[in-house]
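Here's the structure, in structure tokens; my notes come after.
Readers should treat all values here as calculations from the given coordinates under stated rules, not as data from a laboratory. No experiment lies behind these values; they were computed from the predicted model shown. Virtual Cβ from ideal backbone geometry, glycine too; neighbours counted across all protein chains shown.
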Amino acid sequence: MEEECRNYTYLVRCADGTFYCGWTNDLDRRMQAHNEGRGAKYTRSRRPVKLIYWEEFSTREEAMRREAAIKKLSRKEKEALVSGEERSSP
């Protein structure tokens, strides 16, 4: 049953200082894949990556929606999110 699954939207910092955002249902396995060069094409040449932020959702769709929203944020906004200073819009 999908409601019992855990789905995550995550943000990693790549070795070159850039951010990569994605979603998964297994954070440990996904981080291992990124760091072994089997993750996203973007992170393959930017290893190692370090998990710096994640949010948990009950459905895949919620995680994917949040991933899309985070990808639209500016670098400064992503940095604020990671540091816990994100401001919610009214």
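Descriptive notes on the structure:
- Amide proton proximity set for PHE57, modelled H, under 5 Å, gap of 5+: ASN7, TYR8, THR9
- The simple spin-label model puts a point 7 Å past each Cα toward its Cβ; for TYR42 and ASN25 those points are separated by 2.3 nm.
- Mean projected area of the convex hull spanned by the Cα atoms of the chain, taken over all viewing directions: 6.3 nm².
- Take every pair of alpha-carbon atoms less than 8 Å apart whose residues are at least six positions apart; their mean separation over the length of the range 28-74 yields a relative contact order of 22 percent.
- Computed [θ] at 222 nm, deg cm²/dmol, the chain (DSSP H ≥ 4; -39,500 (n - 2.57); rounded to nearest 500): -10000 deg cm²/dmol
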